[in-house]
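FYI, it's all coordinate maths here, none of it is from the lab. This structure is a prediction, so every number in the text was calculated from the model and none was measured. Positions of Cβ are generated from backbone atoms using ideal geometry, with glycine treated the same way; all protein chains shown enter the neighbour counts.
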Amino acid sequence: MIRYGILSTASIVGRFIAGIKESQAGEVYAIASRTVAKAKEAALQYDIKNYYGSYEELYEDENIDVIYIPTVNGLHYRDCQNALLHHKHVIVEKPFTLTSIEAQKLFDLAKQNQCFLMEAQKCVFLPTTLQLKKLIEQNVIGDIRYIELKAGFPGRFDYDHWMYDLSMGGGALYGSATYTIELMQFLFDNPHFQIDGSCIKCPTGSDEICNFQLKMNHQILVSSTIAMNVPLKNEAVFYGDKGYIVIPNYWKSNHLDIYFHNGETKHYDFPYQSEFVYEINHIHECLKQQLLTSPIMTPARTMEATHLVETLYQKWQEDTNE
Ligand SMILES: NC(=O)c1ccc[n+]([C@@H]2O[C@H](COP(=O)([O-])OP(=O)(O)OC[C@H]3O[C@@H](n4cnc5c(N)ncnc54)[C@H](OP(=O)(O)O)[C@@H]3O)[C@@H](O)[C@H]2O)c1
C-alpha cells in the first residue's frame, strides 16, 4: 500500500481522501495541521489513525511515502520544498507555485532527491476529458475555432479570506486558470499559446473577476472567464463547424453533450464516486514504475501554466502602476 500524509485540514482534503480510499492501492497514514486540535478533529472525521499538530512531524514520519499538499496557494512552494527535503514523494495542489522560478526549483530538487513530484490536476484524468479528447481527435464536430469556458463561485469567501489576498496566491486567476490552460495542453497536445486578458480587482487588490484569452497554434481562440462575484454558468463549450460540445463543470465533469448543427444530439455519461480517483490511480502507476515525474501532468506543462498565469499578473500589476 502507498501511504499518504495529508498536509493541512484544507476543505478539499475530504474529497482527496475519498479518492485515495476508492483507489485501493493507497491509504491515508496521517494528517497534520498547524494545531493539534484541528488535526485530531480531522483524523476523527476521516478515520485516520495518526495526526500531528505541526507540519514538521508529518515530514519526519518515516512511514509516509507521499505527501499531499493542499495548503494556501502562496505556501505551496515552502511546503513542497520541506517535504522534498525530507525525501518524500509530493503531490501539490494547483496552482503549483506562484512563479515559474519556484516551480523549476522544486522539480530540480525532486530530481536531485529522487522523489516523484506532480501538480494535482484531476481534470486531465477524468473519463469525460478522455472522451472529449477522442471526440476532438476524431473531428466529430469538425474544425474547432473557438472554445469558451466559464467558472463562477460567488459568495464563497469573505474579503479577509486568503482567496482575496494576492500575496497568498488568492485571486480568480490563481484560483482556476490552470484548469483551462492544462486542459488545453492535454486536449491539443501542447499547443503554442499566446495569452492576453484583463480583470477587475476588488478592494483587497486581488482579481475578483478575470477573463483571459489563449490563442492556440494561431488557429483557435479560447476565452476563459473566472468570477468570484458572479454566478456564471459553469461550463466549457467547444465550437466546431459541424456542431458544439458542452461540458458542465469542466474541471470535475461526469458527462458531456454534443449538439450537431443538423439537429442531432449525443449524450455521454461517466458516473464516478470520487473525481480524484483517476488522478490518484495515475500517481500509483507512476510510483509503481518508479517514475519521478508524470508523463501526463509533466513538469513542462506545469511550468508553462505557471508562467502564463505569472505573465498576466505582471501585466495587471503594471496596468495598476500606470
Ligand atoms: N483540485 C481541486 O479540485 C481543488 C479544489 C479546491 C481547492 N484546491 C486547491 O487546494 C488548496 C486548498 O484549497 P482549500 O479551498 O481547500 O483551502 P482552505 O480550506 O482555505 O485550506 C487551506 C489550508 O491551508 C492551511 N494553512 C497553512 N497556513 C495558512 C495560513 N496562513 N492561512 C490559512 N490557511 C493556512 C490550513 O490548514 P491547517 O490549519 O490545518 O494547518 C488551511 O486549512 C488550494 O491550493 C486550492 O487551489 C483544489
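Measuring from each cysteine beta-carbon in the chain, the ones with no other cysteine beta-carbon under 4.7 angstrom are Cys80, Cys115, Cys123, Cys202, Cys286.
Could you work out how much longer the chain between Glu60 and Asp108 gets when fully extended? Use 0.36 nm per residue separation minus the Cα distance between them, nm to one decimal. Could you put the intermediate results ahead of the total?
Working: separation 48, 0.36 × 48 = 17.28 nm, distance 2.12 nm.
Computed gain between Glu60 and Asp108 is 15.2 nm.
Label-to-label distance, Val36 versus His87, with points set 7 angstrom from Cα along the beta-carbon direction: 2.8 nm.
Among the listed pairs Lys111/Lys215; Lys88/Lys233; Lys201/Lys252; Lys150/Lys315; Lys21/Lys242, give every one whose C-alpha distance is greater than 31 Å. Before the final figure, lay out each step's value.
Working: Lys111/Lys215 33 Å; Lys88/Lys233 39 Å; Lys201/Lys252 27 Å; Lys150/Lys315 22 Å; Lys21/Lys242 42 Å.
Flagged as over cut-off: Lys111/Lys215; Lys88/Lys233; Lys21/Lys242.
Mind checking segment 205-271 for GluC sites (Glu not before Pro) that DSSP puts in a loop (not H, G, I, E or B) and that have at most 15 other Cβ atoms within 10 Å? Those satisfying the criteria are Glu264.
Please report the projected area of the chain's Cα convex hull averaged over all directions, in nm². Don't skip to the answer; put the middle values down first.
Details: hull surface 66.2 nm².
Taking the Cα atoms of the chain, their convex hull projects to 16.5 nm² on average.
Here the label points at Asp257 and His161, each 7 Å from Cα along the C-beta direction, are separated by 2.9 nm in the simple model.
Computing Rg and the Kirkwood Rh from the Cα coordinates of segment 2-120 gives a ratio, Rg/Rh, of 0.94. Amide H to amide H distances under 5 Å link Lys242 with Gly142, Asp143, where only residues 5 or more positions off or on other chains count and H is placed in the peptide plane.
Taking a point 7 angstrom from the Cα of Lys233 along the C-beta vector, which residues in segment 267-303 have backbone N less than 20 Å away? Only 267-269 fall inside the zone, counting backbone N under 20 Å.
Residues of segment 234-262 with amide nitrogen under 19 Å from the 7 Å Cα-to-Cβ point of Arg15? 234-237, 247-256, by backbone N distance to the label point.
Within segment 134-201, the trypsin sites (Lys or Arg not before Pro) that combine a DSSP coil assignment with at most 16 other C-beta atoms in a 10 angstrom radius are Arg156.
What does the charge count near Val66 come to, summing +1 for each Lys or Arg and -1 for each Asp or Glu among other residues with Cβ under 11 Å from its Cβ?
Details: positive: Arg3, Lys88; negative: Glu27, Asp65.
Value of the local net charge: 0.
Projected label points at Lys49 and Tyr268, each 7 Å from Cα along the beta carbon direction, are separated by 4.1 nanometres. Residues in segment 242-277 near a label at Glu22, defined as backbone nitrogen under 20 Å from the 7 Å Cα→Cβ point? 247-257, 268-277, by backbone N distance to the label point.
For n ≥ 4 DSSP H runs only, could you compute -39500 (n - 2.57) per run for the chain, divide by its residues and tell me the 222 nm figure to the nearest 500?
Values: 9 runs with 113 residues, N = 322.
Helix-only estimate at 222 nm: -11000 deg cm²/dmol.
For Lys288, a cut-off of 13 angstrom between C-alpha atoms picks up these aspartates and glutamates, skipping any fewer than 8 places away in its own chain: Asp65.
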